[in-house]
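Following: one structure in structure tokens, then a few remarks.
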Amino acid sequence: MNCFVAYDVGTSSVKSILVDASGNILASAIEEYPLQMPNPGWVEQIPHDYWSAICKATKRLVSSANIDKQTIKGIAFTTQAMGVIPMSKEGEVLYPNITWVDGRAEKQAQQIMRKLGGKKIFKSIIGVEITGKDVIPKIIWLKENKPEIFKKTYKILDVNAYLKFMCTGKMVAEWSGACSYSFDLKKKDWDRLIFKFTGAGTKKLPDLVRSIDEVGKLTTQAAAEMGLHENIGVYGGCDDTQSAALGTTAINEGEAHIYVGTSAWVGVSTAKDKGFKNGIFCLQSADPTKNIVVGITESAGVNTEWLLNTFYKNERAAMSEYELFTYLENEIKVVPAGAEYLVMTPWFLGERCPVSTTTTRSTIFNLSHLHTRAHIARAHFEGIAYNLKWSIENLEKDFGFTIKELKITGGGSQSKLWMQTIADITERKIITTSQPKNAGALGAAMCAMVGSGFLSDFQDIKKLIKTVDTFVPNEAHKSIYNELFQTYKSIYTSLKNTYANANQNRFQ
């Protein structure tokens with residue numbers, strides 16, 4: 001039996017699996033790590049926390065599976081995108097990871113756009129505005145605010161590249177990860193002109209590899225820390241959006257998927273370079289021959305954590321996770337669709353799509369004495385679905401896709417009530433799949449399986465993932481949801497400037 005170890009390294013935890021070449025998950029483990037928010041709008045993480053979690057999870061996998069370690073033939077990571085980790089030539093981490101939700105570089109983003117004549121001209125040329133959450137402005141922020149660190153930096157790595165370095169001692173980035181910086185989809189290289197134009201420079205960019213390339217072998221030190229044997233092949237892997245597409249099997253031309261986890265997104269696979277527009281990006285797929293067009297909702301499942309900690313604290317302390325979510329669903333069920341005209345936007349961390357903003361925050365709109373915590377809970381789940389619907393609208397309008405159904409993955413897909421709500425609000429068929437929590441890790445495993453030759457190509461993922469449930473839109477809810485969707489969009493347009501006035505200065 002040949003096995004592979006794959007890791008889905010998210011914002012709050014790493015989900016790890018040991019999987020055989022037939023796609024059977026032999027063992028799984030989850031290890032958590034913290035976020036740090038030293039200033040308003042800043043969100044950092046300590047890179048060694050990722051590695052420590054990886055090592056703990058790996059030892060648990062091997063122990064619980066009770067297998068011969070020599071059967072493990074490959075390792076791959078799928079990770080949160082847009083990390084900025086400055087590394088010295090000696091391999092020292094010089095600064096915490098400036099994560100994908102960190103919005104500190106708004107000033108630098110505005111400066112970059114002014115170089116091209118301002119927001120409107122920049123957007124007309126590039127396709128989207130950039131914000132303080134984008135990587136290049138963060139690199140400029142590092143250069144301007146931490147000049148000694150920037151000077152000492154040999155390479156800037158994302159999370160996936162950092163973990164590959166910890167495994168192999170080699171500093172390389174993978175194509176899909178490079179897309180969250182700036183990547184030329186035609187040349188399959190860094191978009192070097194953009195880096196030079198903005199002042200970020202190209203000297204600190206690592207060499208590039210594909211998702212299926214073997215970067216190197218597991219070093220003696222890494223093997224000892226992980227509890228594995230050395231010389232296991234470590235493969236390029238991919239970002240989390242790309243692995244989720246694999247994990248839902250939505251990988252053929254025009255097939256769409258939704259992920260609902262800590263964040264949420266809608267993605268459509270295509271062989272074409274579709275460009276950027278209205279916060280939607282065309283990125284390199286895990287499959288080197290394809291791309292994926294993605295609209296990302298910054299904050300989803302993490303908002304559910306806030307909801308539970310704020311309104312269901314006592315129940316959470318007394319119940320198991322399964323009991324708590326069953327209790328929550330039963331409470332929400334008595335609230336009618338539309339939460340009696342209560343609307344809650346999910347923009348706790350700003351937003352990237354369908355609107356790009358670092359200053360906007362969540363709003364609970366139209367609250368009255370009529371409403372209870374159950375109404376707020378229902379409005380929370382509906383708000384995320386409105387955001388996904390808005391992104392779907394833009395994917396169809398701006399990119400020419402026709403989206404009739406969406407395959408869905410992530411922990412949120414285990415809630416039938418939420419899946420029905422997403423079907424009702426988006427007015428699309430929603431299909432759940434057989435590995436909701438491990439779909440991302442399975443996608444990463446596919447990179448190692450294909451790269452090592454144990455599977456022929458990415459189409460083989462369809463043999464490993466099966467359909468579980470299908471949710472069809474309820475026509476009885478169409479009218480109320482369409483009405484409140486227009487209200488939802490108007491909340492942003494009406495309050496956009498107010499959010500900016502309230503938050504712009506304190507977030508810089």
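The values are calculated or read from the model by the stated rules, or taken from the named source; none is laboratory data. Predicted, not measured: the structure shown is a model, and the values here were computed from it. Please note: Cβ atoms are built from the backbone with ideal geometry, for glycine as well, and neighbour counts cover all protein chains shown.
The number of residues in the stretch 57-67 being assigned to a helix (DSSP H, G or I) and either over 23 Å from the mean Cα position of the chain (by Cα) or surrounded by fewer than 18 Cβ atoms within 10 Å (Cβ to Cβ) (or both) comes to 7. Exactly one residue out of 177, 227, 233 is closer than 30 Å to residue 110 by Cα and either modelled with pLDDT of 95 or more or not aromatic (Phe, Trp, Tyr) (or both), and it is 177. Pairing each residue of the stretch 468-481 that is without any contact (Cβ under 8 Å) to a residue 24 or more places away in the chain with any residue that is in a helix (DSSP H, G or I), provided the two are 6+ apart or on different chains, yields no C-beta distance under 7 Å.
Look at the stretch 432-456 and say how many of its residues are touching a residue at least 40 places away in the same chain (Cβ under 8 Å) and over 16 Å from residue 77 (Cα atoms). Counting residues in the stretch 432-456 that are touching a residue at least 40 places away in the same chain (Cβ under 8 Å) and over 16 Å from residue 77 (Cα atoms) gives 4.
Filtering the stretch 31-56 to residues that are in a strand (DSSP E or B) and surrounded by 17 or more Cβ atoms within 10 Å (Cβ to Cβ) leaves 31, 44, 45. Kindly indicate the residue of the stretch 342-361 that is part of a loop (DSSP other than H, G, I, E, B) and among the β-branched types (Val, Ile, Thr) and also nearest to residue 105 (Cα to Cα) among those meeting that condition. Selected residue: 358.
Among the residues of the stretch 219-231, is there at least one that is within 27 Å of residue 466 (Cα to Cα) and more than 13 Å from the chain's Cα centre (by Cα)? Within the stretch 219-231, not a single residue is within 27 Å of residue 466 (Cα to Cα) and more than 13 Å from the chain's Cα centre (by Cα). Within the stretch 171-224, the set of residues being farther than 16 Å from residue 448 by Cβ, among the basic types (Lys, Arg) and surrounded by 15 or more Cβ atoms within 10 Å (Cβ to Cβ) comprises just one member, 204.
Taking the conditions (1) assigned by TED's automatic domain parsing to the domain that holds residue 376; (2) modelled with pLDDT under 95 in turn, residue 281 satisfies each one other than (1).
When the residues of the stretch 205-225 are filtered to those that are in contact with a Ser or Thr (Cβ under 8 Å, 6 or more places away or on another chain) and among the charged types (D, E, K, R), the one that is nearest to residue 56 (Cα to Cα) is 217. The set of residues in the stretch 4-24 being more than 16 Å from residue 454 (Cα to Cα) and either surrounded by 19 or more Cβ atoms within 10 Å (Cβ to Cβ) or not assigned by TED's automatic domain parsing to the domain that holds residue 163 (or both) consists of 7, 8, 9, 10, 11, 14, 15, 16, 17. Taking the criterion of being closer than 19 Å to residue 13 by Cα and surrounded by 14 or more Cβ atoms within 10 Å (Cβ to Cβ), the only residue of the stretch 308-323 that qualifies is 308. Give the residue that is nearest to residue 197 (Cα to Cα), with candidates limited to residues of the stretch 111-128 that are surrounded by fewer than 17 Cβ atoms within 10 Å (Cβ to Cβ) and modelled with pLDDT of 85 or more. Going through the qualifying residues, I end up with 115. For the residues 83, 91, the requirement of being small (Gly, Ala, Ser), out of contact with any His (no Cβ under 8 Å at 6 or more places or on another chain) and buried (at least 22 other Cβ atoms within 10 Å of the Cβ) singles out 83.
Being at pLDDT 95 or above and either buried (at least 17 other Cβ atoms within 10 Å of the Cβ) or not assigned by TED's automatic domain parsing to the domain that holds residue 363 (or both) is the requirement here; does residue 248 meet it? Answer is no for this residue.
Set side by side, the residues 439, 377 differ, and just one is buried (at least 18 other Cβ atoms within 10 Å of the Cβ), touching a strand residue (DSSP E or B) at 6+ places or on another chain (Cβ under 6 Å) and among the hydrophobic types (A, V, I, L, M, F, W, C), which is 439.
Within the stretch 272-329, being of a type outside the set (S, T, N, Q), in a helix (DSSP H, G or I) and within 16 Å of the chain's Cα centre (by Cα) holds for 301, 302. The criterion of at least 1 residues that are touching a residue at least 60 places away in the same chain (Cβ under 8 Å), under 24 Å from the mean Cα position of the chain (by Cα) and within 19 Å of residue 102 (Cα to Cα) is met by the following helices (runs of 4 or more DSSP H) wholly inside the stretch 114-190: 135-145, 159-168, 175-179.
Please work out which residue is modelled with the lowest pLDDT, limiting yourself to the stretch 251-271 and to residues that are hydroxyl-bearing (Ser, Thr, Tyr) and in a strand (DSSP E or B). Step by step, filter the stretch 251-271, then rank; the result is 259. Checked against (1) modelled with pLDDT of 95 or more; (2) buried (at least 18 other Cβ atoms within 10 Å of the Cβ), residue 132 passes all but a single condition, namely (1). Here residue 147 meets the list (1) touching a Phe, Trp or Tyr at 6+ places or on another chain (Cβ under 8 Å); (2) over 27 Å from residue 5 (Cα atoms); (3) at pLDDT 95 or above almost entirely, failing just condition (1). So in the stretch 402-415, with the set limited to residues that are more than 17 Å from residue 303 (Cβ to Cβ) and touching a residue at least 60 places away in the same chain (Cβ under 8 Å), which one is surrounded by the most Cβ atoms within 10 Å (Cβ to Cβ)? Across the stretch 402-415, the extreme among qualifying residues is 409. With respect to (1) among the hydrophobic types (A, V, I, L, M, F, W, C); (2) in contact (Cβ under 8 Å) with a residue 40 or more places away in the chain; (3) more than 24 Å from residue 81 (Cβ to Cβ), the lone exception for residue 364 is condition (2).
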